[in-house]
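K.L.:
Sharing a structure here in structure tokens format.
The values are calculated or read from the model by the stated rules, or taken from the named source; none is laboratory data. Values in this document were obtained by computation on a predicted structure and should not be read as measured data. Glycine also receives a Cβ, built like all others from the backbone with ideal geometry; neighbour counts cover every protein chain displayed. Each accessible area value is taken on the protein alone, full model and side chains, heavy atoms only, with ligands, DNA and RNA left out. Shrake-Rupley method; radii C 1.70, N 1.55, O 1.52, S 1.80 Å.
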Amino acid sequence: FEVQLKREGCSGIQMAIFPYQEGFPSGALACGECYAECQPGSSSTIVYLSAEAIEETLQRVEAEGGQRLVPCTDIGGGNGFIALFKDLEGNVVGLWAPVA
């Protein structure tokens, strides 16, 4: 089993992106200063949820008491957009949206 990771970098984030196929899970390894500020916990794993409208989703999170950590950010290479927030229990959660 061999996987070719796609390297991307923008907005201070270096990424190695696993292959993506519509309807199947994917992921990436990411490193950037914005992640150090999030303090995601001892496992350093952040789950990203698909969101069609990241800004609207972040506004709903904040309205319920969550905290925006990283604003909607273009991750470059046509790979979409991400954002991070902290929920009421302190979990860091990512949002991902494809390029429209």
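K.L.:
Among the candidates A51, A28, single out the residue that is in contact with a helix residue (DSSP H, G or I) (Cβ under 9 Å, 6 or more places away or on another chain) and modelled with pLDDT of 75 or more.
P.N.:
A51
K.L.:
Mind listing whichever residues of region 55-95 are in contact (Cβ under 8 Å) with a residue 40 or more places away in the chain and hydroxyl-bearing (S, T, Y)?
P.N.:
The answer is T73, and nothing else.
K.L.:
Report, ordered by the first and then the second residue, all pairs with beta carbons closer than 7 Å, sequence separation of six or more or different chains, a first member in region 1-18 that is more than 17 Å from D74 (Cα to Cα), and a second member that is among the hydrophobic types (A, V, I, L, M, F, W, C) and modelled with pLDDT of 75 or more.
P.N.:
Every condition considered, the pairs that remain are V3/F18; L5/A16; L5/I17; L5/F18; F18/A28.
K.L.:
Scanning region 46-56 for residues that are over 18 Å from I17 (Cα atoms) and open to solvent by 30 Å² or more (accessible area, probe 1.4 Å), which turns out farthest from the chain's Cα centre (by Cα)?
P.N.:
E56
K.L.:
Return the total of residues in region 61-97 being surrounded by 13 or more Cβ atoms within 10 Å (Cβ to Cβ) and not in a strand (DSSP E or B).
P.N.:
9
K.L.:
Let me ask something else. Among (1) at pLDDT 90 or above; (2) open to solvent by 50 Å² or more (accessible area, probe 1.4 Å), which single condition is A100 missing?
P.N.:
Failing condition for A100: (1).
Condition check ((1) farther than 17 Å from P98 by Cβ; (2) of a type outside the set (D, E, K, R); (3) modelled with pLDDT of 75 or more) across all residues:
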{"residue": "E22", "(1), (2), (3)": "no, no, yes"}
{"residue": "C38", "(1), (2), (3)": "yes, yes, no"}
{"residue": "V47", "(1), (2), (3)": "yes, yes, yes"}
{"residue": "E56", "(1), (2), (3)": "no, no, yes"}
{"residue": "V61", "(1), (2), (3)": "yes, yes, yes"}
